[in-house]
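Take a look at the structure below.
The values are calculated or read from the model by the stated rules, or taken from the named source; none is laboratory data. Keep in mind that what you see is a predicted model, and the values were worked out from it rather than measured. Because the Cβ atoms are built from the backbone with ideal geometry, glycine has one as well, and the counts that use them run over all protein chains shown. Keep in mind that these areas ignore ligands, DNA and RNA; they rest on the heavy atoms of the full protein, side chains included. Shrake-Rupley method; radii C 1.70, N 1.55, O 1.52, S 1.80 Å.
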Amino acid sequence: MFFVLLTTVALQGCVSLGGGLNAFADDIDGYRFLYPNGWVQIKVSNNLDVVFHDIIEQTENISVVINPVPGRKTLADLGSASEVGYQLSKSAIAPPDSGRTAELIDAQERETNGRPYYQLEYLVKLPDGSERHNLATATISRGKLFTLNASTPEIRWEAMKAPLEQSI
């Protein structure tokens, strides 16, 4: 199952877990997630808070984006899972002039520890004709929208499906 836990519990650095996944925690921003063994953190700029990618297939990645939410809006205030998934597809996954198109395959809502999460799945077509599979989960905490994104080339989707689903 998908999961991401947003928490203020301090967990330092990365800890290896069974099942081929490692844990990452950002105790300043208050979130944590799992990422596949063999992936490394890379330096990022712009609005990405953190990015990990595979050392061999470097286009496989997982990232966290944090955006402020005006007022005291809840996730439901932003729309349903499908509506938010569609908005993210147009603004972040396949923005105008990117040459990409994103098809929202699935959008679900779930609750963990009393916090709502939207789970999203996309098929993304790139300008060169190749395809990628993207998974995302989103929630709001402390006036910020946290979005965890995981992406792999479609040709590797079957091999990466389970660890990426566990990650998000």
With Y86, Y117 as the choices, which residue is buried (at least 20 other Cβ atoms within 10 Å of the Cβ) and aromatic (F, W, Y)? Y117
Candidate set from the range 158-168 (those that are more than 16 Å from I56 (Cβ to Cβ) and more than 13 Å from the chain's Cα centre (by Cα)); member that is surrounded by the fewest Cβ atoms within 10 Å (Cβ to Cβ): E158
Return the total of residues in the range 83-129 being outside any strand (DSSP E or B) and under 14 Å from the mean Cα position of the chain (by Cα). 6
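One line per residue, one yes/no per condition, for (1) β-branched (V, I, T); (2) more than 26 Å from G71 (Cβ to Cβ):
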site: Q108; (1), (2): no, no
site: Y118; (1), (2): no, no
site: V124; (1), (2): yes, yes
site: T139; (1), (2): yes, no
site: R142; (1), (2): no, no
site: L148; (1), (2): no, no
site: W157; (1), (2): no, yes
site: S167; (1), (2): no, yes
Is one or more of the residues making up the range 92-114 surrounded by fewer than 17 Cβ atoms within 10 Å (Cβ to Cβ), of a type outside the set (V, I, T), in contact (Cβ under 8 Å) with a residue 24 or more places away in the chain and closer than 18 Å to R32 by Cβ? yes
Test for V69: is it over 20 Å from G143 (Cα atoms) and either small (G, A, S) or touching a strand residue (DSSP E or B) at 6+ places or on another chain (Cβ under 9 Å) (or both): no
Might you check whether a residue that is among the small types (G, A, S), modelled with pLDDT of 95 or more and open to solvent by less than 20 Å² (accessible area, probe 1.4 Å) occurs anywhere in the range 72-80? yes
